[in-house]
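Asks: Before we start, here is the structure in question, set down as structure tokens.
The values are calculated or read from the model by the stated rules, or taken from the named source; none is laboratory data. Note that the structure is predicted; figures quoted are calculated from it, not measured. Neighbour counts are summed over all protein chains in view; Cβ atoms, including those assigned to glycine, are modelled from backbone coordinates with ideal geometry.
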Amino acid sequence: MKLLFLIGLMLGSFMVMEFIAWFTHKYIMHGPLWSLHRDHHRRDDGQIVERNDSFFVFFAVPAIVLFLFGIKGGWMDYRIWIASGITLYGATYFTVHDIFIHQRFKLFRNSNHPYFKAIRRAHKVHHKQLGREGGSCFGMLIVPFKYLKENQ
């Protein structure tokens, strides 16, 4: 029973990270830390590393701290499972955002699934706005319904 709870805690942490990523993107990256995020909106073709990539540290540090303190309690410690949810979200973010959407590595290029098309379309709309003001579609996995509807 405890294992089921811990798996739920990990999945819940993963889902909360989508909201945290949305909030951070909208209010921090397009706010006071725009200077780090700006290059992501004005990227040169072929550029692999951006100043924007430094944001991974903001998300990795809480997971690292939870892993460090949780390891004393063993693999059944709740902190390990929360850290695992955060880490799983980070891996998903890297795969979906950096590889699938921005094609930093030429993988997953020909996906015709309506959900994946909607993710790409919403992100493209987000990048039409080159400045920090007036943007939309700040999330990654949860996209506005209109983009899903367009693919039907």
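Asks: Of the residues in the range 127-151, how many are assigned to a helix (DSSP H, G or I) and either β-branched (V, I, T) or buried (at least 18 other Cβ atoms within 10 Å of the Cβ) (or both)? Give the derivation first.
Replies: Initially, the range 127-151 is screened for residues assigned to a helix (DSSP H, G or I), giving 127-128, 145-149.
Then drop every residue that is not either β-branched (V, I, T) or buried (at least 18 other Cβ atoms within 10 Å of the Cβ) (or both), which leaves 147.
Here the count works out to 1.
Asks: Of all the residues that make up the range 1-51, how many are within 18 Å of the chain's Cα centre (by Cα), in a helix (DSSP H, G or I) and not hydrophobic (A, V, I, L, M, F, W, C)?
Replies: 13
Asks: Still on this model: Considering the range 1-51 alone, what residues qualify as being farther than 19 Å from L66 by Cα, of a type outside the set (F, W, Y) and in contact with a Phe, Trp or Tyr (Cβ under 6 Å, 6 or more places away or on another chain)?
Replies: Those that are farther than 19 Å from L66 by Cα, of a type outside the set (F, W, Y) and in contact with a Phe, Trp or Tyr (Cβ under 6 Å, 6 or more places away or on another chain): H25, K26.
Asks: When both residues are 6+ apart or on different chains and their Cβ atoms are under 6 Å apart, which pairs have a first residue that lies in the range 6-29 and is farther than 30 Å from G134 by Cβ and hydroxyl-bearing (S, T, Y), and a second that is modelled with pLDDT of 95 or more and part of a helix (DSSP H, G or I)?
Replies: The qualifying pairs are S13/I82; S13/G85; S13/I86.
Asks: Okay, moving on. For the range 97-107, indicate whether the set of residues that are surrounded by 13 or more Cβ atoms within 10 Å (Cβ to Cβ), assigned to a loop (DSSP other than H, G, I, E, B) and in contact with a helix residue (DSSP H, G or I) (Cβ under 9 Å, 6 or more places away or on another chain) is non-empty.
Replies: Of the range 97-107, the ones surrounded by 13 or more Cβ atoms within 10 Å (Cβ to Cβ) are 97-102, 104.
Narrowing further to those that are assigned to a loop (DSSP other than H, G, I, E, B): 102, 104.
When the remaining residues are screened for being in contact with a helix residue (DSSP H, G or I) (Cβ under 9 Å, 6 or more places away or on another chain), the result is 102, 104.
Within the range 97-107, one or more residues are surrounded by 13 or more Cβ atoms within 10 Å (Cβ to Cβ), assigned to a loop (DSSP other than H, G, I, E, B) and in contact with a helix residue (DSSP H, G or I) (Cβ under 9 Å, 6 or more places away or on another chain).
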